[in-house]
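Each remark here refers to the structure printed beneath this line.
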Ligand code: GLN
């Protein structure tokens with residue numbers, strides 16, 4: 001097995017200068033301004049050691065990675081009621097696809113496609129206004145990362161709100177089936193703002209560490225969510241975290257992980273580490289091209305795929 005510190009540095013050194021980097025998302029105008037030249041990586045081991053390289057301390061838009069934190073928030077508030085609104089099957093469709101919703105009575109396939117995440121936001125907003133709902137999601141992220149400096153990039157949130165016609169279509173369509181209950185505009189405002197949370201790889205890897213520890217807060221030793229719910233979130237990240245490229249990601253990397261169109265990926269090696277990578281250039285399915293490659297190399301080098309027999 002490779003030495004973790006050396007491997008992280010080696011991967012970053014090679015990928016920082018690689019020519020083929022994918023395409024930066026431009027359907028959210030503010031994201032199109034980010035240079036494709038970035039590459040960052042941070043690994044926080046289950047026992048708290050940190051390894052970082054490249055642009056590991058530069059903030060970026062976490063976009064759909066926020067869907068993991070929103071699911072944690074919704075699970076803490078509503079428990080298994082989440083699963084009466086949202087399914088748990090891979091969609092096999094693009095993250096913002098609308099076609100399945102009509103075929104399946106407005107019920108999103110899973111909480112990590114846009115429709116599912118919008119339904120989760122609606123659930124969090126039940127019984128409170130949208131400002132309190134987004135405040136709760138942000139507070140959750142800050143607590144998980146143990147970092148109150150984490151914030152929403154308001155220009156990204158605004159940019160997405162004024163161009164988010166497809167997300168508005170998804171939300172309205174679900175509202176027509178009663179899958180979401182609250183005012184559509186308020187629900188979308190929570191969704192756009194959670195996607196616009198900005199974090200660095202280091203902050204993100206710290207925030208994900210509890211998922212490598214069976215749901216236990218490494219600071220207090222107390223559960224944030226139960227071990228069973230943690231297993232389920234990891235299972236969903238593995239099967240649904242990369243949209244219509246989830247199978248390919250499991251094949252290549254073999255770790256629960258969630259990507260975002262900002263170019264970040266949060267990956268969990270249960271019992272071993274929480275890993276965050278960032279490179280803004282995307283594959284055709286909207287997942288970080290170099291981020292995926294970095295995780296593939298890291299997982300292979302460390303023997304961390306969840307499908308490996310335990311070698312310790
Ligand atoms: N905010 C983005 C959207 O709704 C999130 C998509 C993503 O990261 N895949 O389109």
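The values are calculated or read from the model by the stated rules, or taken from the named source; none is laboratory data. As the structure is a prediction and not an experimental result, all values here were calculated from the model. Glycine also receives a Cβ, built like all others from the backbone with ideal geometry; neighbour counts cover every protein chain displayed.
Of 271, 263, which residue is surrounded by fewer than 24 Cβ atoms within 10 Å (Cβ to Cβ) and at positive phi? Going through 271, 263 in turn, just one is surrounded by fewer than 24 Cβ atoms within 10 Å (Cβ to Cβ) and at positive phi: 271. If the condition is being within 12 Å of the ligand (Cβ to nearest atom) and more than 17 Å from residue 55 (Cβ to Cβ), then the range 260-292 contributes 261, 283, 285, 286, 287. Residues of the range 34-66 being within 16 Å of the ligand (Cβ to nearest atom) and more than 17 Å from the chain's Cα centre (by Cα), which ones? 34 - this is the single residue of the range 34-66 that is within 16 Å of the ligand (Cβ to nearest atom) and more than 17 Å from the chain's Cα centre (by Cα). Hey, can you tell me all the residues within the range 13-29 that are modelled with pLDDT of 95 or more, within 13 Å of the ligand (Cβ to nearest atom) and surrounded by fewer than 19 Cβ atoms within 10 Å (Cβ to Cβ)? Once the filter is applied, which keeps residues that are modelled with pLDDT of 95 or more, within 13 Å of the ligand (Cβ to nearest atom) and surrounded by fewer than 19 Cβ atoms within 10 Å (Cβ to Cβ), the range 13-29 yields only 29.
Taken over the range 240-259, the criterion of being more than 16 Å from the ligand (Cβ to nearest atom), in contact (Cβ under 8 Å) with a residue 12 or more places away in the chain and surrounded by fewer than 22 Cβ atoms within 10 Å (Cβ to Cβ) is satisfied by 247, 250, 252, 254.
Residue-by-condition table, conditions (1) touching a strand residue (DSSP E or B) at 6+ places or on another chain (Cβ under 6 Å); (2) within 23 Å of residue 215 (Cα to Cα); (3) within 16 Å of the ligand (Cβ to nearest atom):
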| position | (1), (2), (3) |
| --- | --- |
| 78 | no, yes, no |
| 81 | no, yes, no |
| 87 | no, yes, no |
| 95 | no, no, yes |
| 104 | no, no, no |
| 107 | no, no, no |
| 110 | no, yes, yes |
| 114 | no, no, yes |
| 118 | no, no, yes |
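One line per residue, one yes/no per condition, for (1) assigned to a helix (DSSP H, G or I); (2) in contact (Cβ under 8 Å) with a residue 60 or more places away in the chain:
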{"residue": "14", "(1), (2)": "yes, no"}
{"residue": "28", "(1), (2)": "no, yes"}
{"residue": "32", "(1), (2)": "yes, no"}
{"residue": "58", "(1), (2)": "no, yes"}
{"residue": "67", "(1), (2)": "yes, yes"}
{"residue": "74", "(1), (2)": "yes, no"}
{"residue": "87", "(1), (2)": "no, no"}
{"residue": "101", "(1), (2)": "yes, yes"}
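For the range 34-52, a residue qualifies if it is crowded, with 21+ Cβ neighbours inside 10 Å and not in a strand (DSSP E or B), and exactly one does: 39.
Quick check, is residue 69 under 16 Å from residue 266 (Cα atoms), modelled with pLDDT of 95 or more, out of contact with any helix residue (DSSP H, G or I) (no Cβ under 7 Å at 6 or more places or on another chain) and within 16 Å of the ligand (Cβ to nearest atom)? Taking the combined requirement at face value, the residue does not satisfy it.
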